[in-house]
Amino acid sequence: MNRILSRPAGPSALRQRIPRKAAVLTLAVACTALAACSSNGSGSATNSSTATSTPATSASGAAATSPAASTATGSTYVIGNISSITGPYAASIGGTPQVIDAWTKYTNAHGGINGHPVKVIVLDDGSVPSKGIADAQELISDHVMAIVGMVSNTFTSWEKLVDTAKIPVIGGQTQFGALQYTDPDLFPTGTTTPALSVLDSAISVGKKSVALPYCSEVPICAAQVSSLASQIKSDPALAPGASISYQGAVSASAPNYTAECLAMQQAGANAMYVVDGAATTVRVVNDCATQGFKPTVIGSGASADNTWLSDANFQDALVPQENFPWFSTATAGAREFNDALQTYDPGILTQPTYNANVAQVWASLEVYAAAMTRANAGDNPTAADALNAMYALPAGFSIAGVTPPLTYTKGKANPDDRCYFQAEIQNGKWTVPGSGAAICPSGS
């Protein structure tokens, strides 16, 4: 398996398998001929095992006054990540290694976790289930204490492996489906009902008939729509007055979406959420506009990117987020994220992969760090220690301005977390309504 060493700045470059002792942060991602790859030219690794100071985190998740600078001399805390960095969704998920690199450098430059430097092993499943299984087996053999911030389209193929190994999976892509309600070792760090936040967003602007065209390429798209339809049918109070007027598969390779647009229009939809990547959404929305069908566009997380800003058909689009909007500077937590990227990998700020996925990954890492900081686990903590640290977080815990309120109960599956963050497009710019705090629908 190929692994990538972190770079001081810019995207990672393809390297052959490297011994674990070569660097504190180890990344794995393949560069294809279509992806821009860069190197620092020296071929050397960045050793991040020495750090200075760490900001403490309060019980509410708010940053406390940073202690005086000190050297991180404790044992290294090793965690893992599995993401679909290459493959059909590389344009939206491919920024995972860069944000983990920035987070690790930022964290280790501020003292690590209670004086312990952090090492993150990032593996790419390429959206191929067999690769996801192999990645999980490798992380288990690496004795990682947790898998954090995964954005993996193959999660269901390897979830049982890490569950049997009692390794906690902390945040990242929170659309675990039914698993998040049955597996107490999964720890979502954002809303667990992102599709419901789409309906709530539509309701907030008086649009209650929602069309849901979804991608045909990966099963998770159909599963998300099916799950939402089942939830609404069983409990209409989840989105009062809203209905799903249309649902149907669309292919990213289709020459046009005329038939689908006419079907949505005839179904009476006045809002539309394309459960697919940003590029496909642009094509669907513009094809529909050509047919005279211009519903309010709703996005969700990384289904949106900066290409939407220059398209007049996306004026007033709403994009609910599982965690803080990636572009935001409205809260201290969001500013810290963007400051870290500006310092350690400013190149990502102009790439399509600078999107909601990287905010989810950052939020997951911050929750892991907060839990381990509070636990004060000492040297060489295990996966069992990480599990206990997560369960020890108080009910309603949050990283202020980064996550909604979170509650984990040992031995019990996760409750619905319906609170979300909102982003909007106004006059070709991303905006954040209000203070940038989480929005909790009535009844949440």
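Each reported figure results from applying straightforward, stated rules to the coordinates on display, with no laboratory input. On a predicted model such as this, the values are computed, not experimentally measured, just so you know. FYI the Cβ positions are ideal-geometry reconstructions off the backbone, even for glycines, and counts take in every protein chain you see.
What value in Å³ per residue do you get for the convex hull of the alpha-carbon atoms in the stretch 357-444?
120
Determine the sum of side-chain charges near ASP276: Lys and Arg each +1, Asp and Glu each -1, restricted to other residues whose C-beta is under 15 angstrom from that of ASP276.
Net charge around ASP276: -3.
FRET efficiency for LYS233 and ASN376, Cβ-Cβ distance as r, R0 = 56 Å, nearest 0.05?
After rounding, the FRET efficiency stands at 0.75.
Would you give the gap between the C-alpha center of the stretch 260-303 and the C-alpha center of the stretch 100-144, rounded to a whole Å?
If you average the Cα positions of each part, the centres end up 37 Å apart.
From the phi angles alone, apply the Karplus equation (6.51, -1.76, 1.60; θ = phi - 60°) to the stretch 187-204 and give each ³J(HN,Hα) in whole Hz, x where the residue is Gly or Pro.
Karplus-based 3J(HN,Hα) across the stretch 187-204 equals 10, x, 10, x, 4, 8, 10, x, 5, 5, 5, 5, 5, 5, 5, 4, 4, 5 Hz.
For VAL205 and SER435, compute 0.36 nm times the residue count separating them, minus their Cα-Cα distance, and round to one decimal in nm.
Answer, rounded to one decimal: 80.9 nm.
Show me, for the stretch 303-311, the HN-Hα J-couplings you get by feeding each phi into the Karplus relation (A = 6.51, B = -1.76, C = 1.60, θ = phi - 60°), rounded to Hz, glycine and proline as x.
Computed from phi, the couplings for the stretch 303-311 are 6, 10, 8, 5, 5, 5, 5, 8, 10 Hz.
Can you give me the C-alpha center-to-center distance between the stretch 380-431 and the stretch 202-217, rounded to a whole angstrom?
25
Based on the Cβ-Cβ distance from ASP311 to LEU349, what FRET efficiency comes out when R0 is 25 Å, to the nearest 0.05?
0.75
Bin width 5 Å, alpha-carbon pairs only: give the P(r) of the stretch 318-386 as whole percents, running from 0 to the bin holding the largest distance.
Calculated over all Cα pairs of the stretch 318-386, the distribution is 3, 15, 22, 21, 13, 12, 10, 3, 0, 0 percent.
Amide H of VAL78: which non-local residues (sequence gap of 5 or more, or other chain) have their own amide H closer than 5 Å, using H built in the peptide plane?
So VAL78 has HN proximity to LYS119, MET145.
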